[in-house]
Amino acid sequence: MGSGVSHKAGTKKTQVQAVWASPNNPPQRVQFLVTVVHEYKVYWVKIAGPVVTLSGVTAAPSTAVPAQTTSSTALSTPFSSVECSQSKSCLRDPVGCDPESDPHCFFLSFTTDEAGGSVMFEVSGPAEGYMSIALSLDKWMGNDDIYLCVKDEGRVTISAAYVSGRTHPELATEEALWGQAWRLADGVIQCRFHRNILIPNRFNLNQSYFLFVAHGRSHQGEIHRHDRQPLISNIQKLITGPPEDLSGSRSPLLIKFHGVLMLTAWMWTVSTAIFIARHYKHFWPDTTLLGQRLWFQLHRTMMVLAVVLTSVAFTLPFIYRRGWSKGAGSHPYIGCTVMALSIIQPIMAILRPVPESPRRILFSWLHFGVGTASQVLAAVCVFLGAAQQALLLPSPWSPAVLTGWVLWIVFADLLLLIHSCRLRSRGNKNSDDKENILFVQFKRWQHGESPKVKKMVLVVFLIGNTGFLAAFIKAISSL
């Protein structure tokens, strides 16, 4: 009958009592179904109560009503992408994969039946517990038409559901599907089903929708929250329209921009600015730019650019999530700390004492400390960000390459530190009576071999940083 009741208070309860007011012409038998939620991932859906019978009517056996009464058959072979864009529309991840030959292929296809009154859907992918698809009017989960293929004790249950807001899907009580078939092989869940184009209380398939493909774990036929961002079509697709080979992404565009801007700021701009300030202060002693020494202008310009990039990137997740992200772990907290330090650092630089001031040494240590802390925390934040569900970069590739980037910076720093120590040792290891001769030799060596080494290291350092950044931008763009 579509009626229900729920409690409002958030306090813990051991029981809930409710009184049902029956209609004027009540049914002869009524069965109440109960959903109990213990915590986010622990809940029980549609627990069947006893059948209540009107007085004077013969009681029926007290048995639970099955959620799905239609039978399903077994598929004998994997699905194929051969007919994609020819006789059926397809959405695949990775792009262009074929589920017939690739067990890691996430695949959705749909085609209008010859009679024109129904649509056949096929979905498959490597999943521990379930595969699901959804039809949505936007790219946000909520108020969506959902279809579930759930593994349960060696079988696959295929059912329709509906989700209201960011909640657990509610299974449909009416029979919405027919012609179900499934297959379990090599860790891949496959299911096929048909759905009439027009069904009461379901989405009209003669309209356009965004398509979602999600997967995750299940326990005893009950699904858990998906561990990975769903694959979402880039455009709305008319379900009964002409066949297309659709493209999709698991990462929202705003989150991609967030990652690219943050990586550009910290992987390239900040690391280069610090590298120049640390090792090239005396490299261009007489070269100025706009009235300031060249190294200082380069350092300041890149740091200002880094603050701008970080500030813009910082706002994007809040715009996408429309607030604070509750399921991102420590990444947003560390990110806020990095953002605060990024603002504090240039403010300190503006208020720095003159070189002759006794407080200059204090500023130098604070500037060094805040800069080092922000760089270390930013590196940690990048590692955590690469594993976020909304920007899940491939593993173990991403942590390995990030580790390589950190070691690259450390190696370049150590190389120039050792180089500087060699310069100093060559000027100090001889006796005092040869001091003038050694000083001349040292200056010649410093202005000959030393600039060549430093120039070469700087060029190689910039090429390496650019290579690491380009690799990550390519990986993000492919999500």
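Here are the numbers for the structure shown:
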{"read-out": "Answer residue from segment 380-430, given it is among the basic types (Lys, Arg) and part of a helix (DSSP H, G or I) and is farthest from His331 (Cα to Cα) among those", "value": "Arg426"}
{"read-out": "Strands (runs of 3 or more DSSP E) within segment 1-113 that include 1 or more residues charged (D, E, K, R) and modelled with pLDDT under 70", "value": "29-39, 42-53"}
{"read-out": "Enumeration of residues in segment 195-215 that are in a strand (DSSP E or B), within 30 Å of the chain's Cα centre (by Cα) and surrounded by fewer than 18 Cβ atoms within 10 Å (Cβ to Cβ)", "value": "Ser208"}
{"read-out": "Selection count where residues are over 14 Å from Met262 (Cβ atoms) and part of a helix (DSSP H, G or I), scope segment 321-336", "value": "2"}
{"read-out": "From the options Ser247, Ser251, residue that is out of contact with any strand residue (DSSP E or B) (no Cβ under 7 Å at 6 or more places or on another chain) and either surrounded by fewer than 18 Cβ atoms within 10 Å (Cβ to Cβ) or free of Cβ contacts under 8 Å to residues at least 60 places away in the same chain (or both)", "value": "Ser247"}
{"read-out": "Test: Ile235 is touching a Leu at 6+ places or on another chain (Cβ under 8 Å), more than 30 Å from Ser420 (Cα to Cα) and surrounded by fewer than 19 Cβ atoms within 10 Å (Cβ to Cβ)", "value": "yes"}
{"read-out": "Verdict on Leu261 being surrounded by fewer than 21 Cβ atoms within 10 Å (Cβ to Cβ) and either closer than 27 Å to Glu128 by Cα or modelled with pLDDT of 95 or more (or both)", "value": "yes"}
{"read-out": "Which numbered condition Arg225 fails, given (1) exposed (fewer than 14 other Cβ atoms within 10 Å of the Cβ); (2) farther than 30 Å from Leu377 by Cβ", "value": "(2)"}
{"read-out": "Hey, Gly241 touching a residue at least 60 places away in the same chain (Cβ under 8 Å), at positive phi and assigned by TED's automatic domain parsing to the domain that holds Leu171 or not", "value": "no"}
{"read-out": "Residues of segment 160-190 satisfying the condition of being surrounded by 12 or more Cβ atoms within 10 Å (Cβ to Cβ), part of a loop (DSSP other than H, G, I, E, B) and modelled with pLDDT of 80 or more", "value": "Pro169, Ala176"}
{"read-out": "Residue count, segment 98-122 (criterion: surrounded by 17 or more Cβ atoms within 10 Å (Cβ to Cβ) and more than 15 Å from Gly187 (Cβ to Cβ))", "value": "9"}
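Conditions tested, residue by residue: (1) surrounded by fewer than 14 Cβ atoms within 10 Å (Cβ to Cβ); (2) closer than 27 Å to Ala387 by Cβ.
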site: Leu316; (1), (2): no, yes
site: Ala328; (1), (2): no, yes
site: Pro332; (1), (2): no, yes
site: Cys336; (1), (2): yes, yes
site: Ile350; (1), (2): yes, no
site: Ile361; (1), (2): yes, no
site: Gly371; (1), (2): no, yes
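The values are calculated or read from the model by the stated rules, or taken from the named source; none is laboratory data. What you see is a predicted model; the values in this text were computed from it and never measured. We place every Cβ from the backbone using ideal geometry, glycine too, and count neighbours over all the protein chains shown.
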